[in-house]
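Below is one structure, written out as structure tokens; the observations come after it.
The values are calculated or read from the model by the stated rules, or taken from the named source; none is laboratory data. Note that the coordinates shown come from a computational prediction; the quantities given were computed from them, not determined experimentally. With ideal geometry, Cβ positions are generated from the backbone for all residues, glycine too; neighbour counts draw on all protein chains shown. In case anyone asks, the SASA skips ligands and DNA or RNA and just uses the protein heavy atoms, side chains included. Shrake-Rupley method; radii C 1.70, N 1.55, O 1.52, S 1.80 Å.
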Amino acid sequence: MAVAPVRMEELPDLRAMREDEMSLGALAAALKRRGAIFLWVLAGFLAVTTLYCLVATRRYQATGQVQIQKDSAGAFGLESSVMGDAADSASDALDYNITLQTEANILNSDSLALRVIQDLHLETTEDFYPPSKTGRGEIFPSRLFFWKKPVESLSVPLDRAPNRRYVVLKIFASHLKVEPVTGTRLIDVSYSSPDPQQAADVVNHLIGALMDYTFQARFTATAQASNWLTAQLDDLRKQTESLQAKAITLQRDTGMFGDDESHNVVLARLESLNEALAAAESNRILKEAVYRVASSGDPELISGLSGNSGIGAVASMSNSLGLIQSLRAQEASAKAELDQDRVRYGSAYPRIAEVQAELSGIEKSIQDEVHRIGGRARTDYEIAERAEASARGAFEQQKKVVNDLNDKAIAYGLAKQEADGSREVYEGLLAKLKQAGVLEGLRSTNITVVNPARVPPPNRPKSPNVLLYYAAAVAMGIIVGAGAALVRDLTDTKVRSLEELEQLTGTPLLGLIPEVGKGRTLRDQGRARGLTSANTPGPSHRLQIATSSYSDSPFAESLRSLRTSLMLSRSSHAPQVLLVTSSNSSEGKSTVSLNLATVLAQQGARVLLVDADLRRPVLHERMGLDTQEGLSTALSSDHINPEPQLVESIPNLYVLCGGPIPPFPAELLGSHRMRTLMAQWRREYDFIVLDGPPALPVTDAIVLEQLCEAVLLVARHGVTEKKVVQRSYRALTRQLPQHVVLGTVLNAVPGRSPDFYEYYGYRSRISAAEGRGNEARS
């Protein structure tokens, strides 16, 4: 597996890398990495909440409930009396809601609040301006309670202390809660106070103040309406009297007597004349009909008039008609006898002559009576005609008089109607005015108390609400803690994951090494082997090689994995010379080089570990080796060839210390002598591990990479900054030979980090190894 370095222009930009990091997975990983900040913030919120719940004043809330009943709009019910049910039909749900909100706003008004504050003397209570408690001044200076001091003296009334009144009203309003119950005509009134009895007293007193205010407002409105109505009634009475006088005058002019038109003399006379005219006209028509019949001279037609009731009413005409009927009966009888005698006895019969003479006399009498009836009928007709003309003249004359008085009658009717309406309004308002005194007392208020405020139990304060506060603290702690963790992670410039290191360099990691527990030495573990060098002065110097001390630990396994990656990093053959460097000091390059050389030697290869950091050599201190001669002395003289020291308990591992610090380390490392030594070592050893200096502070690492086949850039988890890694990687890449492999190693990764589990799958093994290590130490 060959790992080739990327060109400098292919290295990712830090800004682009931060944009890539803003994903859900990256956020979750950030929260895991910053779990301590998250927990500290959450614990801080919980601690503050606990402290507040311990020191906060216990407050008790009392609640009362009132009902707003339906009420008519008018003060005296004038709307219902004048408009009928129109006023009631206008009361709908919107009106109820408006009334409910109005009453709620009145409960929250400053007027009622000031009344309750003054009546209950709330200014001297704990919520407002409590008197100084005995002993409080000894513990805390009085100036610490400046907010409990009134801005004006309490001896000044609230009406003349605007600043104190403003503060008192704000405090009272902050503890008062007025809330209409949705869908009902109920209002809940609540007040919280450190004193349970005081909380109930404030609510009940506030409800009472509302009822008094409503009563007083209605009483005042009724009294004002009564006074105004009294003045209006005087004008209405005068107007009614004037209209009635005008109606009486018009009544006299029209000839009317009484209250209605049935007593009108002119109209009554016109009606009688009309009846007389109709009777005269009817009589004239009847007389004319009789006259026409009588003028015909036909006795039979004249005798038929006897069945007419109108003619029969005239005594003379009735007698004449009766006489004609009698004569006609005699005539008929005589004719019948005459006809009978002629048939029976013949025309010579003497009785026939007598009957004939008698019949002639009867016929003559009939004709005479017909003439008399005709003359009498003509006389009656003429009289009836004159009577009709006289009645018609009188009717027409009276009709003219009625037409002249018609306009006055209409004016009278209007005046009478207006006078009656004015009188009815006056009488109705007068009745309402008489009831005003009673209504002022009866219609006091439309508010009823459903539930008066009762003293809450002392063991159930309203605040602090422990459960609610803790829930809010947990919620805020989670939100703020997550935000702080994300902000801290986004502003963190240190390398904390393998993804970040791969993005910075543009190449996959060669290895990921977990951190070794602090203070772990070979003597701390019962099963650890004491490893000394061949030239160790005494047994007090113990080696601290984790790959040898903990051969089955995740740390050792990670070094073996790094060894395998290096062996496969080149396609032709495994690299022989390895340079281990870092961006800055204290990033674990010496630990990595020492343990890497150990795992290389454990596979049977001859390994030379060279401390190539001539500026700050540390391998001799960690391994307890002699520093009289080393690499610096070998480079300073061609005649000095110090022998590498064999690590006694690790076969095939030889160590060459750095030696005394020379004046020009970079020149020595780039000298011909160094190349000669490297050629010699290549022949004598299978692998050469160079513990080089940091890449950024000095150029020694760039010089050494010219002599190597592989370069390991070590970055320490949570210590090495991102821009430093990128800068050092660029510096090494810039002068890197083509045959040299450059790879990165993430060192000291915490065992709890998910990167190690994702990279090796050893998370459970780490926990088990750490558990065994803790048991061994205990």
### Stretch gain in nm, segment LYS149-HIS371, where the contour uses 0.36 nm per residue and the Cα spacing is subtracted
66.1 nm
### Message
Can you compute the FRET efficiency between ASP420 and GLU382 using 1/(1 + (r/R0)^6), with r the Cβ-Cβ distance and R0 = 60 Å? Round to the nearest 0.05.
### Response
0.65
### Message
Greater than 19 Å separation of Cα atoms is the criterion. Which listed pairs, LYS494/LYS589; LYS70/LYS177; LYS32/LYS494; LYS32/LYS723; LYS149/LYS177, meet it?
### Response
LYS70/LYS177; LYS32/LYS723; LYS149/LYS177
### Task
Would you kindly find the accessible area of PHE128, with a 1.4 Å probe and non-protein molecules such as ligands, DNA and RNA excluded, rounding to the nearest 10 Å²?
0
### Message
Probe radius 1.4 Å, ligands and nucleic acids ignored: give me the carbon and sulfur share of the accessible area of the stretch 589-649 as a rounded percent.
### Response
40
### Task
Round to the nearest 0.05 the FRET efficiency obtained for THR699 and ASN641 when R0 = 22 Å and r is the Cβ-Cβ distance.
0.25
### Query
Given the convex hull over the Cα atoms of the stretch 313-383, what projected area results after averaging over all orientations, in nm²?
5.0
### Message
Please compute the modelled spin-label separation between GLU337 and LEU323, points set 7 Å along Cα→Cβ, answer in nm with one decimal.
### Response
2.2
### Computed FRET value (nearest 0.05) for THR564 with ALA475, which takes r as the C-beta separation and R₀ as 56 Å
0.70
## Note on the structure
Expected field for TRP228, accessible surface area in Å² at 1.4 Å probe radius, rounded to 10, holds 150
### Query
Extension gain ASP686-LYS177, at 0.36 nm per residue separation less the Cα-Cα distance, in nm?
174.5 nm
### Task
On a C-alpha basis, how far is the centre of the stretch 180-230 from the centre of the stretch 672-740 in Å? Whole number, if you could?
89
### Message
Give me the extension gain from LEU186 to ARG392: residue separation times 0.36 nm, minus the current Cα-Cα distance, reported in nm with one decimal.
### Response
66.0 nm
### Query
Which distance in nm do the two modelled labels at MET211 and GLN224 give, with both placed 7 Å along the Cα-to-Cβ direction?
2.5
### Message
Can you compute the modelled spin-label distance between GLN576 and THR491, with each label point 7 Å from Cα toward Cβ, in nm?
### Response
5.3
### Paramagnetic reach from ARG292 in the stretch 351-392 [backbone N under 20 Å; point 7 Å along Cα→Cβ]
371, 373-389
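So for each of 629-638, 94-103, 445-454 I average, over its residues, the number of other beta carbons within 10 Å; can you give me the resulting order with the highest mean first? Let's see the in-between values first.
Numbers: 629-638: 18.8, 94-103: 13.7, 445-454: 15.8.
The peptides rank, most packed first, as 629-638, 445-454, 94-103.
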